Structure formats: structure tokens, C-alpha cells
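Below is one structure; the comments refer to it alone.
The values are calculated or read from the model by the stated rules, or taken from the named source; none is laboratory data. On a predicted model such as this, the values are computed, not experimentally measured, just so you know. Quick reminder, even Gly has a Cβ in these numbers, built from the backbone with ideal geometry, and neighbours come from all protein chains shown. For the accessible areas, the whole protein counts, side chains as well, though only heavy atoms, and no ligand, DNA or RNA atoms are used. Shrake-Rupley method; radii C 1.70, N 1.55, O 1.52, S 1.80 Å.
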Amino acid sequence: MAASNTTNTSNRRMRIMDRAEYASKPKPLTFGPDESVKPAVAAMSEMNYGSVMVIDDDRKVIGVVTERDIMKKLVNGALDPSKTKLSEIMTREPRLAKETDDLVDWLRIMSNERFRRLPVVDEDGRIKAVFTQGDFVSYTWPDLMGQAKELAKASVFRNWPLFLIGGGIMLYSLLMIIVVRSI
């Protein structure tokens, strides 16, 4: 389907790379698989990142190390961060999105499969950005609000007679209160 810079509907799709925010995403934090965990954690802390992309010599993602990996595998395993390689604690073969993939499709996949960080790669498979679920939600929020507005309008018009009756009853009740108080 064709890319669009307008709201996403069932017949229009938005590629990840079409979002204005895509170009301004900060560069992903990357390390090689043989580097120790300690400098990666230091860089994550300094930059306030929740993950590190583990890449090969061709900048292709081979793994992801998240805060959860550090907690469960390193800390809980009582491993030494100076001696433990990233390849020992990384999540291997992570899901990778291409820049041309549909934004909402990935939001759904991330939600269904319960992961929060998505490496985005170019057509050659090289790391370009990392999107989080929060990024996707904030990027699709205007679309979701538009859909909610359309649903609300459809609901009102479908139930118009009930709204008229309810409004009439409320107006009649208000008028009766005013009349009774004035007596």
C-alpha cells in the first residue's frame, strides 16, 4: 500500500520512515558482541537509554541487551560486568523492523508479543533507529483520537432518537424544578 503523511485509516498506511519524528530519533546505542557489559551499562546510564543494540562488523543487529536482560541475566546470575561479554546476556535474533514497514502493524506486533524495543533497519539490514512502544503510541495518538471522534459521532447519529428523548426529559425536568421553586 502507498505511504501517506495523513492519518492512518484502513486503506492508508504509514511507513515507519514517513513519520516526521523518525528523522529526529537519536542514534541507537551500539556495541560489539565481544565488548563487556560494564561500558555498555555506563553508556546506557549516561544517555538514559533502556537498551543497547549488539551489532556485527557490518552494523547489522545480532542481539539486544535491555535493562531487563541486565537485571535477570547479569545481576541475578551474579556475573561480573567487567568480565561478562554482551553476547553472553543479549537477546538473540530480536525482531527487526524495516524502515518501510507499517507503523501500526509493528505497534500491534509489539503489543501482542510483549516486547518494548524495536530495532529499525534500512534495506541492507543496518541499524537506523530504535523505537519503543511509547514512541509508537505517541506517534499514533492523533490517529487514535480521530478514530475515537468518528466513533463518537457515529454513536450519536445512530442513537439520535434516544438523545432527543433524553434531552427532552432533562429539559422538562429542569423547567419543572424552576416552576416548582417559583411557586
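Here are a few things to note about the model shown:
- Contact map, the range 94-121: residues that are among the aromatic types (Phe, Trp, Tyr) paired with residues that are open to solvent by less than 40 Å² (accessible area, probe 1.4 Å) and part of a helix (DSSP H, G or I), Cβ distance under 8 Å, separation 6+ or inter-chain. Pairs shown: 106/16; 106/136.
- In the range 63-75, the residues that are of a type outside the set (A, V, I, L, M) form Cβ pairs under 6 Å with partners that are assigned to a helix (DSSP H, G or I), at six or more places apart or across chains, as follows: 69/89; 73/89.
- Restricting 74, 107 to those that are over 16 Å from residue 49 (Cα atoms) and either hydroxyl-bearing (Ser, Thr, Tyr) or in contact with a Phe, Trp or Tyr (Cβ under 8 Å, 6 or more places away or on another chain) (or both) reduces the list to 107.
- Test result for residue 50, touching a residue at least 24 places away in the same chain (Cβ under 8 Å) and within 19 Å of the chain's Cα centre (by Cα): yes
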